[in-house]
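Notes for the one structure printed next.
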Amino acid sequence: MSARPPEHAALEAALAPLDRRGFLRLVGLALAAGLAPAGCAREAPAWCLPPEGLALRALSPRGYAVLTAAAARLVGGAGATRIAAGDARPAATADAWLASLPGLAGPVAQGLALLEWGVHPLVAKWRPFTALAPAAQDAVLADLARSRLGPKRDLFRGLRSLAYLAFYADPAARPLVGHPGPFGRGGVPVADAMRYALEP
């Protein structure tokens, strides 16, 4: 039996809120009440879509787009610029992780669908998340983070954790934080990690 990659444990812990029964009930209620429309909408912006030739294994193309847009808003600044330019692809990293963790793939897909299609009063918007302007996306995420409803806060925490883990695992993020890694995985020997200065 092969050893699990260390990021799997971190990912499972970070996404635990998305697997709670209350959150899944909230998604089911939204679908039953028509608060999460199942109809089609315009395609997500091109910069959010999976790149040509990427075979998604766990996320749908729309889920990929929602995660990309949310990650750009959550990471912000230079990270958002790299995501929008296609230099960093946190949704591709997340897709690969979720493909090897099928127990998490379903709840994450449901959470992304709720973020994209959910409307007032469940999610503070009337249009798909990917169709919103950046300031409106920020407002939706802030509403989830500050909600009095635990499942909405769980959605925010799970989404934020996945976005951060996937973004900072991407080699394109390393220059932003001055990290030469990954240590011990062929790119940088562990001995170099011992010499890495934490303070500039």
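The values are calculated or read from the model by the stated rules, or taken from the named source; none is laboratory data. Keep in mind it's a predicted model, so treat the numbers as computed, not measured. A quick note on method: Cβ atoms are made from the backbone with ideal geometry, for glycine too, and the neighbour counts reach across all protein chains shown.
Brief remarks follow.
- Being closer than 17 Å to Arg62 by Cβ, in contact with a Gly (Cβ under 9 Å, 6 or more places away or on another chain) and assigned to a loop (DSSP other than H, G, I, E, B) is a condition met by no residue of the stretch 137-159.
- Lone unmet requirement of (1) aliphatic (A, V, I, L, M); (2) at pLDDT below 95; (3) closer than 23 Å to Pro51 by Cα for Ile83: (2)
- When residues of the stretch 151-183 are limited to those that are at pLDDT below 90 and among the small types (Gly, Ala, Ser), the one nearest to Ala109 (Cα to Cα): Ala169
- Test result for Asp95, closer than 22 Å to Asp170 by Cα, out of contact with any Asp or Glu (no Cβ under 8 Å at 6 or more places or on another chain) and part of a helix (DSSP H, G or I): yes
- Residues in the stretch 126-139 that are surrounded by 20 or more Cβ atoms within 10 Å (Cβ to Cβ), under 16 Å from Lys152 (Cβ atoms) and not aromatic (Phe, Trp, Tyr): Gln137 only.
- Members of the stretch 44-69 that are aliphatic (A, V, I, L, M) and touching a Ser or Thr at 6+ places or on another chain (Cβ under 9 Å): Ala44, Leu49, Ala58, Ala65, Val66, Ala69
- Some residue of the stretch 60-68 being on the phi > 0 side of the Ramachandran plot, assigned to a loop (DSSP other than H, G, I, E, B) and modelled with pLDDT of 90 or more: no
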